[in-house]
Amino acid sequence: MYKLRNYQERTLTELYDWLNRHPDGNPVVDACVGAGKSIIIAEFCRRAIEQYPQTRIVMCVASKELCQQNLDKLRAIWPEAPAGVCSAALGQKDVESQIIFATIGSIAKRAHELGTVNLLVVDECHNVNTDNAGMYRTFISQLKEFGSPYLCTIGFTGTPFRGDGVWLWQGKDPLFKGTATRVSMDELLEQGYLAPLVIDTETPETIDTSNVKVAGGDYVIKDLEGAVIDPAIIKSTVDDMFKRGTERKKWLVFCVTIAHAQAVLDEINHRGKIKASIVTSKTRASLRDAILLDYKLPHEHPDGIDCLVNVACLTTGFDAPETDLIALLRPTKSPVLYVQIAGRGMRIADGKKDCLWLDYTSTTRDLGPVNLIKGRNKQNSTTEQGAPFKYCPDCGNPNPIHLDECQECGAFMPSDSKDPHGFKAGQAMPLHGFQAPPEEWFDVQQIGYYKHPGKNGKPPTMRIDYFYSELEEPISEWKCFEHEGFALRMGCQWWTDHMPHADVPFTVDEALETIHDPSQGAIALPTRIMCQRDPQGKFMQVKKYQYGNTPTMPKVISYMPSNAGNLIPF
């Protein structure tokens, strides 16, 4: 049997508790990216039918990718589940199974064929209209009309607010009643279930939106295109992406329009250093599927795509955990879009420590850290019975006016509660409280090159020691010429940068002999190195080099293969 993570078990317990306290139903489960919503949904379906065998469930989403993903998780957890699919995009139109996984576009007009439905589960429920309009609301009304008067709707999302920031259960005629439970980014970051977003010093802003019109809470796309589709801006941003993304394996680039995305892709392909492709609303379905599969291939795979440029296609329902660089070339004022884009880089994968966040807009500065984004309250109002109430400043749930502690989340509610946004614009860090260790510059006094034996049958490496103080241990890095894949690629790149006049060596011995051979030219010596300590504080990683002739150039020492153990200056 599949074992849930502790927070997933807690989520289900709190959801059932909420439903017991609120018999009229319709809660929201606020679960951030990486929480495993599809697993929680699958286990909820299994337990609901286990407890009440006649329960009928419809799980509804907007895209075929999410529909298939959620169905796959149900079958993994519960192989014998009585489930079917109603999705034209997936080639099935089942309206009779006890559990139906559906895309809203395929099932919206088939409420009269479904009979009784007890539970409607809506994934990415921020797509449901607040007022009684749109496909979801029409579908729900028709379900109640055609045999499901006691329907309970449960929404799942990591952004339980609308584009204007107002919570989903506030405003005119909302469908949902409040949050039943929450899984936050901070919780998953602390437990290692999310990869943090990091910045490489300060990413320069190159896109000026000061003259771009705003409508409906975000920039007007037509006007925004004029601000971003400038050859000089595109070249500058792509130059910077290649400069900062050298060690990153999977790049995801967000653009404004198809023309903008194509121009960015052309500039990336012009360099010929990385295999890139594009996905937009105009990409035919079969080609899109093939491109996404190639992007998800390992970095070392010959058919793999390592850079994917897109326009509003890969914000929800796209799961590629290996993504370790996000380039934001699409300015936005929408907190929903901002959180969704950031989430594409926060899933964990083997060998992945973090995701490089390159924001070439003012979005991060304007909206603040992603993990502090939350909804905002409408003005306090009254219930249908006229009793006054107030919204919790933390979770947004309604409470009787006399309470000074939220009955749902326990947060303190002062009588003069203000707008709940817990951040101020102007913070450039994409995460609050999870910043990467600081970067430090060191003046190099001596540099040592020598052969470092491999362990457990692995090939040897060339170890480089940078001595910056007579009293401290050197900062070291290892270059691989006898390995394969990414390690070899990085070793070759280092050699090309430091010995451009000599062929890349095949072995460590050949590398050291070339460094010692005056006829091969002198190796470039960094006078300073910029380093960053790993999150566990165990070692320093060399991030950048600074060169130049100075009165105190580093002294070079080396262990030659023929003089094992002897330190030889030259």
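The values are calculated or read from the model by the stated rules, or taken from the named source; none is laboratory data. Since the structure is predicted, the reported quantities are computational estimates derived from the model, not experimental observations. Quick reminder, even Gly has a Cβ in these numbers, built from the backbone with ideal geometry, and neighbours come from all protein chains shown. These accessible areas exclude ligands, DNA and RNA; they are computed on the full protein's heavy atoms, side chains included. Shrake-Rupley method; radii C 1.70, N 1.55, O 1.52, S 1.80 Å.
Out of the residues in the stretch 269-287 that are free of Cβ contacts under 8 Å to residues at least 12 places away in the same chain and exposed (fewer than 14 other Cβ atoms within 10 Å of the Cβ), state the one that is farthest from T237 (Cα to Cα). This residue is S286. Residues that are open to solvent by less than 10 Å² (accessible area, probe 1.4 Å), closer than 22 Å to E190 by Cβ and over 12 Å from the mean Cα position of the chain (by Cα) within the stretch 342-375 comprise T364, G368, P369, listed in sequence order. Flag: C313 matches the condition of being touching a Ser or Thr at 6+ places or on another chain (Cβ under 7 Å), open to solvent by less than 30 Å² (accessible area, probe 1.4 Å) and closer than 25 Å to V61 by Cα. With respect to (1) buried (at least 22 other Cβ atoms within 10 Å of the Cβ); (2) under 16 Å from H126 (Cα atoms); (3) in contact (Cβ under 8 Å) with a residue 40 or more places away in the chain, the lone exception for D164 is condition (1). Of all residues in the stretch 1-17, those satisfying the criterion of being open to solvent by 10 Å² or more (accessible area, probe 1.4 Å) and in a helix (DSSP H, G or I) are N6, E9, R10, T13, E14, Y16, D17. A511 fulfils the conditions (1) among the small types (G, A, S); (2) without any contact (Cβ under 8 Å) to a residue 12 or more places away in the chain; (3) open to solvent by less than 50 Å² (accessible area, probe 1.4 Å) except for a single criterion, (2). Just give me the residues in the stretch 110-154 being more than 26 Å from W167 (Cβ to Cβ) and without any contact (Cβ under 8 Å) to a residue 12 or more places away in the chain, in sequence order. Matches in the stretch 110-154: P149 only. When D465 is tested against (1) open to solvent by less than 50 Å² (accessible area, probe 1.4 Å); (2) part of a loop (DSSP other than H, G, I, E, B); (3) on the phi < 0 side of the Ramachandran plot, just one condition goes unmet, and that condition is (2).
For every residue, the table says whether it meets (1) out of contact with any helix residue (DSSP H, G or I) (no Cβ under 6 Å at 6 or more places or on another chain); (2) open to solvent by less than 70 Å² (accessible area, probe 1.4 Å); (3) modelled with pLDDT under 95.
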{"position": "K64", "(1), (2), (3)": "no, yes, yes"}
{"position": "V85", "(1), (2), (3)": "yes, yes, no"}
{"position": "Q98", "(1), (2), (3)": "yes, yes, no"}
{"position": "N118", "(1), (2), (3)": "yes, yes, no"}
{"position": "T130", "(1), (2), (3)": "yes, yes, yes"}
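Going residue by residue through the stretch 362-379, is there one that turns out to be assigned to a loop (DSSP other than H, G, I, E, B), more than 30 Å from E65 (Cα to Cα) and modelled with pLDDT under 75? So far as the stretch 362-379 goes, yes, one or more of its residues are assigned to a loop (DSSP other than H, G, I, E, B), more than 30 Å from E65 (Cα to Cα) and modelled with pLDDT under 75. For M185, the criteria (1) in contact with a Cys (Cβ under 6 Å, 6 or more places away or on another chain); (2) over 21 Å from L4 (Cα atoms); (3) of a type outside the set (D, E, K, R) hold in every case but one, which is (2). If you go through the stretch 18-41 and pick out every residue that is within 21 Å of Y150 (Cβ to Cβ), assigned to a helix (DSSP H, G or I) and either in contact (Cβ under 8 Å) with a residue 60 or more places away in the chain or in contact with an Asp or Glu (Cβ under 8 Å, 6 or more places away or on another chain) (or both), you end up with 3.
Among the residues examined, V508 does not qualify as closer than 20 Å to E300 by Cβ, among the β-branched types (V, I, T) and at pLDDT 90 or above.
Against the numbered list (1) in contact with a strand residue (DSSP E or B) (Cβ under 9 Å, 6 or more places away or on another chain); (2) of a type outside the set (F, W, Y); (3) part of a loop (DSSP other than H, G, I, E, B), L66 comes up short only at (3).
Answer with yes or no whether G178 is under 30 Å from M346 (Cα atoms), open to solvent by less than 10 Å² (accessible area, probe 1.4 Å), of a type in the set (G, A, S) and at pLDDT 95 or above. Here the answer is no, as G178 does not meet what is asked. Taking the stated definitions as given, is D319 without any contact (Cβ under 8 Å) to a residue 60 or more places away in the chain, out of contact with any His (no Cβ under 9 Å at 6 or more places or on another chain) and surrounded by fewer than 24 Cβ atoms within 10 Å (Cβ to Cβ)? Answer is no for this residue. Counting only residues that are in a helix (DSSP H, G or I) and either open to solvent by 50 Å² or more (accessible area, probe 1.4 Å) or closer than 16 Å to K451 by Cα (or both), the stretch 476-486 holds 0 of them. Among the numbered conditions (1) in a helix (DSSP H, G or I); (2) closer than 24 Å to E322 by Cβ; (3) not β-branched (V, I, T), the only one that R46 does not meet is (2).
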